[in-house]
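Below is one structure; the comments refer to it alone.
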Amino acid sequence: MNTFNYSYPVKVYFGKGSAKEAFSNELKKYGSKVLLAYGGGSIKSNGIYDEIVSALKEENKEIIEFNGIMSNPTYKKVQAGVELVKKEKIDFILAVGGGSVIDCCKVISTQATIDEDIWDLEYVKGQFSTTGIPMGAVVTASGTGAEMNGGAVITHEEKNWKGGIFASTADFAVLDPTYTMTVPTMQVLSGAFDTLSHALETYLGNSDQDNVSDDIALAVMKNTVVNMRRLLKDIHDEQARSNLMWNSAMAENGILKCGRQTDFQVHQIEHQLGAFTDCNHGQGLAVIQPVYCYHILDDAHEKLTKFAQVVFNQQTAQAGLEALQEFIKECHLPTTLKELHSKVVITDDLLKKVANTTNIIKTNPRTLTQDEVYQILLECK
Ligand code: NZQ
Ligand code: ZN
């Protein structure tokens, strides 16, 4: 085991009706002005908005709204949020949405309390500020686990860069599986695939043999596959959505990462693909993950063999990866770049740009070269 400190800052309220309990327990600690942040409007059509607004009013909160947070949130949107938070002297930020809304709010929270541009601070100076205006997260679409950590993924459009920013962590998170019942099938499955990928990418990083986090990661992956298959039979299966919601949180609450290194090379490639194409995160991962795994098959042979045995009940690493590919097809997730919704045509030239700007992780089974990333992307075509 590597040395580590572990403490967990997010108080989780899990289950049907938990928003009301969370607000009643938590919101007294903060001032009266709440920024209610959300996305493109799904919470208005499914009734979550009304429920949240009435629960906030019961706590005598004054609500200022910030909406229109898009998938793959942009740096520009963060700045608009910061401006509003400062103008309105907001006491508390409530993010209601999926990973995009929660991530955008984490950075708004921190940026609103520091003068220096957070992007420059982190990417130019290598300094990190992880405090800010207190915030809570109500998860309406699970998969990213964004409610459990202090990392945010933001697209800087001018720089053609989608990358992680360390920022605030939510003080509490509401995980009510019934809130996810209206999430479109494609998003449910791509979100769940994101969870599978988080556990796999953590597992593939270097670790001691017989490290317990490897075993937990395998359990999270196996359970995610089981519950995704339940949803393929019945997309309205509330128990399966509930299990997936907790798997999503488990994969990103830090437990799997204690005392070990992580990989996350596929995420780095997907984020840059997202920077250029604005593709859906989980779908991008579904295309890249198997191709990457074949590339590192010899370097991670033992781990991929165990993955095959535990997650897909196959005897060899090769058979496990074939089963992963079949599973992606079974879920009707994309298997090639052509199937992704992209805002631009994906050419070889664009893939070269993606590859050349991809962050290379040095703790994965083998450190890739920029050219290998390009080869991987070409194989995804
Ligand atoms: O915007 P609205 O109208 O709410 O619609 C959203 C959006 O179109 C919809 N949705 C959410 N809840 C719904 C719903 N539709 C119906 N009913 C509901 N209850 O779902 C769509 C996708 O939402 P989004 O938040 O974009 O999806 P996701 O949760 O997959 O988040 C993706 C973002 O998170 C980042 C990704 O890169 C991407 O930017 N990630 C964040 C991570 C983190 N902070 O730890 C880790 C991940 O690896 C990931 O990179
Ligand atoms: Zn992810």
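Taking the criterion of being near ligand 1 (Cβ under 8 Å from one of its atoms) and part of a helix (DSSP H, G or I), the residues of segment 138-166 that qualify are 146, 148.
Could you tell me whether residue 126 is small (Gly, Ala, Ser) and more than 16 Å from ligand 1 (Cβ to nearest atom)? It is true that residue 126 is small (Gly, Ala, Ser) and more than 16 Å from ligand 1 (Cβ to nearest atom). If only residues of segment 344-365 that are farther than 15 Å from residue 278 by Cα, among the polar types (S, T, N, Q) and open to solvent by 20 Å² or more (accessible area, probe 1.4 Å) are counted, the one that is nearest to the chain's Cα centre (by Cα) is 359.
Scanning segment 1-60 for residues being of a type in the set (Phe, Trp, Tyr), within 27 Å of residue 80 (Cα to Cα) and open to solvent by 20 Å² or more (accessible area, probe 1.4 Å) gives a total of 2. Taking first residues from segment 1-20 that are outside the structural domain of residue 48 (by TED's automatic domain parsing) and partners that are assigned to a loop (DSSP other than H, G, I, E, B) and loosely packed, with under 14 Cβ neighbours inside 10 Å, the Cβ contacts under 6 Å between residues at least 6 apart in sequence or on separate chains come to 1/208. Among the residues examined, residue 106 qualifies as of a type in the set (Lys, Arg) and open to solvent by less than 20 Å² (accessible area, probe 1.4 Å).
Considered as a group, the residues in segment 181-223 that are outside any helix (DSSP H, G or I) and within 21 Å of the chain's Cα centre (by Cα) include one that is farthest from ligand 1 (Cβ to nearest atom), and that residue is 205. Would you confirm, using the coordinates I've provided, whether residue 176 is acidic (Asp, Glu), more than 22 Å from residue 284 (Cβ to Cβ) and surrounded by fewer than 22 Cβ atoms within 10 Å (Cβ to Cβ)? In short, no.
Across segment 6-26, what is the total count of residues that are among the β-branched types (Val, Ile, Thr) and either assigned to a loop (DSSP other than H, G, I, E, B) or out of contact with any strand residue (DSSP E or B) (no Cβ under 7 Å at 6 or more places or on another chain) (or both)? Final tally of qualifying residues: 1.
All of 268, 239, 309, 261 fail the test of being touching a residue at least 40 places away in the same chain (Cβ under 8 Å) and part of a helix (DSSP H, G or I), apart from 268.
Scanning segment 63-83 for residues that are more than 14 Å from ligand 1 (Cβ to nearest atom) and touching a strand residue (DSSP E or B) at 6+ places or on another chain (Cβ under 6 Å) yields a count of 3. Residues in segment 264-274 include at least one that is open to solvent by less than 10 Å² (accessible area, probe 1.4 Å) and closer than 21 Å to residue 310 by Cβ. Of the residues examined, residue 226 is one that is in a helix (DSSP H, G or I) and either within 15 Å of the chain's Cα centre (by Cα) or away from ligand 1 (no atom under 16 Å from the Cβ) (or both).
Considered as a group, the residues in segment 264-310 that are closer than 23 Å to residue 333 by Cα and of a type in the set (Asp, Glu) include one that is nearest to ligand 1 (Cβ to nearest atom), and that residue is 270. The requirement of being assigned by TED's automatic domain parsing to the domain that holds residue 282, buried (at least 23 other Cβ atoms within 10 Å of the Cβ), of a type outside the set (Ser, Thr, Tyr) and in contact with a Ser or Thr (Cβ under 7 Å, 6 or more places away or on another chain) is satisfied by residue 196. Would you say residue 111 is surrounded by 24 or more Cβ atoms within 10 Å (Cβ to Cβ) and in contact with a helix residue (DSSP H, G or I) (Cβ under 9 Å, 6 or more places away or on another chain)? Answer is yes for this residue. Residues that are assigned to a loop (DSSP other than H, G, I, E, B) and within 13 Å of ligand 1 (Cβ to nearest atom) within segment 242-258 comprise 253, 254, listed in sequence order. Within segment 326-336, being out of contact with any helix residue (DSSP H, G or I) (no Cβ under 6 Å at 6 or more places or on another chain) and open to solvent by less than 10 Å² (accessible area, probe 1.4 Å) holds for one residue alone: 327.
The values are calculated or read from the model by the stated rules, or taken from the named source; none is laboratory data. Bear in mind that the values here come from a model prediction, so they are computed numbers and not experimental data. Heads up, the Cβs are rebuilt from the backbone with ideal geometry, glycines too, and the neighbour counts pull from every protein chain shown. To get the accessible areas, we keep the full protein, side chains included, count just its heavy atoms, and leave off ligands, DNA and RNA. Shrake-Rupley method; radii C 1.70, N 1.55, O 1.52, S 1.80 Å.
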